[in-house]
Amino acid sequence: MASKDIIDKTLDKWDETYVQESKKKIRKKIIFLLAGVILLAGILAVAVYLMLSSYQKSVVNGQVQQMVYLVQSVTNSIEEYVDEYEVTLNVMLQDPVFLEAEEACLAGEAEEMEGYLKAQQNLRSGTLGLVGYRSPDGRQYVSEQPEEYSEIRQMTNAANAVQLALVQMGEKNFYLKISAETSGGGNLGLFLSIRSLYEKTASYISLGEEGYIMLKTSDGRILTHPAENQIGMYVIKDRQKEHPEYDLTELQAMVEKQLAGETGTAMYASYWWPEDPPRRVRKVSAYQPAHLGDDFLIVSAVIDYDEISLPVSNGVIRILVVAGFLGALLIMLLALLAVLWRSMNRFQAENAYLRKLNEQLEELRAREEKLAHQQRLQLLGTMTGGIAHEFNNLLTPIMGYSAMLLMDAEEGSEQKQDLQEIYDSAEKAKEIIDQLSRFSGKNAEKTFRSIPIAEVVDKAMLMVESICPKSVTLDRCLEKTEVSIMGNPTQIHQLLLNLCNNAFYAMKDTVNARLILESHVVKGEKKVNPFFKGKEKQMFYRLSVRDNGCGMSPETLEQIYVPFFTTKKAGEGTGLGLSVVHRIIDAHGGLLCVTSQPGEGTKFVIWLPVHIN
C-alpha cells in the first residue's frame with residue numbers, strides 16, 4: 001500500500017511539472033521562432049536590396065562604359081575618314097590627268113575636266129557626294145548638278161592649305177567640304193556626305209532597342225538623328241521654341257559641356273524626341289568631340305535609362321517572387337520543424353518521466369529487497385547464534401571428557417589415537433561454531449569509535465604476514481595517512497584477514513603468486529558506483545586487495561556473498577568469510593566492489609568514509 005501511494009504521488013507531481021514546463025517551453029519556442037522569422041526576413045530583405053542595388057549599378061556602369069567605347073570608336077573612324085580624303089585630295093592635285101584637264105579648262109575646253117570629276121566621284125561612290133572645280137575666273141565644274149548649297153560653318157583657318165567647311169544642300173543634307181587651291185590657281189573640292197559618313201561609321205551600332213548615335217556641330221546643330229524632323233535643329237534653342245513648356249535644364253547643362261569640347265558621360269532628364277509627342281524620360285549619354293581641322297563635331301551615344309534598368313527591375317521582381325516563394329517554404333519548414341521539435345520535446349519529457357518513474361520503482365524494489373535480505377540475515381543470525389550456543393554446550397563435555405581420557409591413555413596405544421581423533425574433531429567443530437558466532441554477531445565486538453585507519457591496517461598486516469605462504473609475494477603500497485574512520489579495529493582485522501586468506505587459497509597453484517595491497521585517501525566518484533551519488537565531496541579511505549590467482553566466473557561472482565556458499569573442498573571452508581566481510585563493510589557505512597576474470601585473478605576494493613573530527 002505504501003509503494004502504491006508513493007507511485008501515485010510521484011505520477012501526480014510529474015504530470016503537473018510536465019504540463020507547466022511544456023507550456024513554458026512552447027511559449028519560448030513560439031517567441032524565438034517568430035523573432036527568428038522576422039529577423040531572417042529583415043536580413044533577407046536588406047541583403048536582397050543591397051545585392052540588387054549593387055547589381056543595378058554595375059549594369060548601368062557597364063552599359064555606360066560600353067557606350068564610351070562605342071563613341072571613341074565612331075570618333076576615331078570619322079577622323080580617319082576625313083584624314084583619308086585629305087590625302088586623296090592631295091593625290092588628285094598632283095595627278096597628271098587632273099593637271100592636263102585643268103590646263104585644258106583654262107584654255108576654254110571644259111569636257112576633259114567634267115569627265116575627270118565624274119570619274120573620281122564614281123571611283124568613290126557611297127561616301128563622296130560630289131567633286132567640284134572652280135577656275136580662277138570663277139567658273140564652276142561639278143561631277144553632277146548639285147542642289148543649291150550654302151556654307152554654314154568654316155572649320156579651318158584661311159591660312160591652311162586644306163580647307164574644311166560644313167555646307168548644307170537642301171533642308172536636311174549636310175556635307176563636309178574638303179578643298180585646296182590648285183597649281184593653276186583654281187580650287188578643287190571634295191564634298192563628303194555627313195549622312196553617308198554616319199552610315200559608314202555608326203549606323204551598324206546597336207544600343208538596346210531604341211538607343212542611337214548622333215552627330216552635332218560644335219555650335220549645337222544636329223546633323224544626324226533617328227527622328228528626321230530633328231535634323232538641322234539646334235539642340236536647345238530650336239527645341240525651346242517648338243516646346244516652350246518642356247524642361248530642358250539638365251539637357252542644356254550637358255550640351256554646354258559638349259559645346260566646350262569635353263569628353264564624358266551624363267545621366268539627365270530629357271525627352272524621347274523620336275516619339276510624337278515626345279515623352280519625358282531619363283537618358284544616359286556618352287559623348288566625345290571628333291576633331292576636324294580647327295573645329296570639331298560632337299559624337300554622342302544616347303539610350304533610355306529604362307532600357308538599362310527595366311531588365312534589372314524585372315529581374316528584381318522575379319528574384320523577389322522566387323525569394324517570396326522560398327521564404328514561404330522556409331516558414332512552412334520552420335513551422336514543421338517547430339511541430340516536430342515540440343513533439344520531440346514531448347516525447348523526451350515523457351521518456352524522462354518514464355525513466356525517472358522506473359528509477360524510483362527500481363529504487364523502491366531495491367529497498368524492499370534489501371530490507372527483506374536484512375530480515376533474512378537477522379533471522380539467520382539469530383538462528384545460527386542459537387545453534388552455536390547449543391553446539392557449544394554439547395562440545396564442552398565432549399572436549400572435556402576426551403581430554404581427561406587422553407591424559408590416562410597410554411602413549412602409542414590405539415585408544416589414545418582414537419581419543420585424539422575425537423578431540424581434534426571437536427576442536428574443528430568449535431572453530432566452525434566460533435565462525436557462526438561471529439557471523440551472527442553474538443560474540444563480535446560492536447563498539448565503534450574514531451580509529452586511525454592506516455595504523456589499524458598496518459597492525460592487521462602483521463597477522464597477514466604471519467599466515468602468508470612462502471610461495472606468495474606480498475606487495476604493500478599503503479599510504480601513510482593520519483585520517484580516521486568510525487569503526488571497530490577487530491572487525492577491520494577480521495575482514496582483511498578473510499580477504500587475504502581467500503587470496504592465498506586462490507593462488508595455491510599459481511606460479512609467481514603475488515598479492516598486492518594498496519590504499520589511498522580519495523573523493524567519491526559517482527561514475528564508479530551510484531553509492532557515491534550525493535557524496536562527491538566526501539573523502540574515503542580506499543583499500544584494494546588484488547591477487548593473480550585462479551579468478552572467478554560471472555556465475556560465481558553473483559553468489560560470493562551468499563552465506564555458506566563456497567568453492568573450496570569439503571572441510572576447507574565454511575562459506576561465511578565473504579558474508580562476514582560484506583556485513584562488516586555495511587556496518588561501517590562503506591562499499592565493497594569486486595572484479596574478477598577466470599585465470600587472471602581477483603580484486604576487492606573497499607571504500608570506508610573518512611571521519612571528520
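The values are calculated or read from the model by the stated rules, or taken from the named source; none is laboratory data. Everything numeric in this text was worked out from a predicted model, so none of it was measured. Note that we place each Cβ from the backbone using ideal geometry, even for glycine, and neighbour counts take in every protein chain shown. We work out accessible area using only protein heavy atoms, side chains counted, and drop any ligands, DNA or RNA first. Shrake-Rupley method; radii C 1.70, N 1.55, O 1.52, S 1.80 Å.
Data table
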| quantity | calculated |
| --- | --- |
| FRET efficiency, residue 41 to residue 280 (Cβ-Cβ, R0 35 Å, nearest 0.05) | 0.45 |
| Residues of segment 262-304 with amide N under 17 Å of a point placed 7 Å along Cα→Cβ from residue 209 | 272-276, 279-284, 303-304 |
| Shape call, the chain: gyration tensor on alpha carbons, a/c limit 1.5 | prolate |
| The chain, helix-only ellipticity at 222 nm - DSSP H runs n ≥ 4, -39,500 (n - 2.57), divided by all residues, nearest 500 | -18500 deg cm²/dmol |
| Set of aspartates and glutamates with alpha-carbon distance to residue 172 below 20 Å, sequence-local pairs under 8 removed | 144, 147, 148, 151, 199, 219, 228, 238, 242, 275, 276 |
| Of the DSSP H helices in the chain, those whose Cα atoms cover at least 30 Å axially and whose Kyte score averages -0.5 or more | 2-93, 305-408 |
| Accessible surface of residue 416 - all protein chains present, 1.4 Å probe, nearest 10 Å² | 40 Å² |
| Cut-off under 5 Å, modelled amide H: who pairs with residue 561 long-range | none |
| Accessible-area ranking of 39, 117, largest first, probe 1.4 Å | 39, 117 |
| Segment 233-323 shape via C-alpha gyration tensor axes, a/c threshold 1.5 | oblate |
| Sulfur and carbon atoms: percent of accessible area, the chain [1.4 Å] | 55 percent |
| Net lengthening on full extension, residue 362/residue 529 (0.36 nm per residue, minus Cα-Cα) | 58.6 nm |
| Sorted peptide list for 604-611, 179-186, 157-164, criterion being average Cβ within 10 angstrom, highest first | 604-611, 179-186, 157-164 |
| Separation of the residue 392 and residue 50 label points, Cα + 7 Å toward Cβ, nm | 9.4 nm |
| Selection of trypsin sites (Lys or Arg not before Pro), segment 474-511, meeting DSSP coil and at most 11 other Cβ within 10 Å | 480 |
| Å² per residue, accessible surface of the chain at 1.4 Å | 57 Å² |
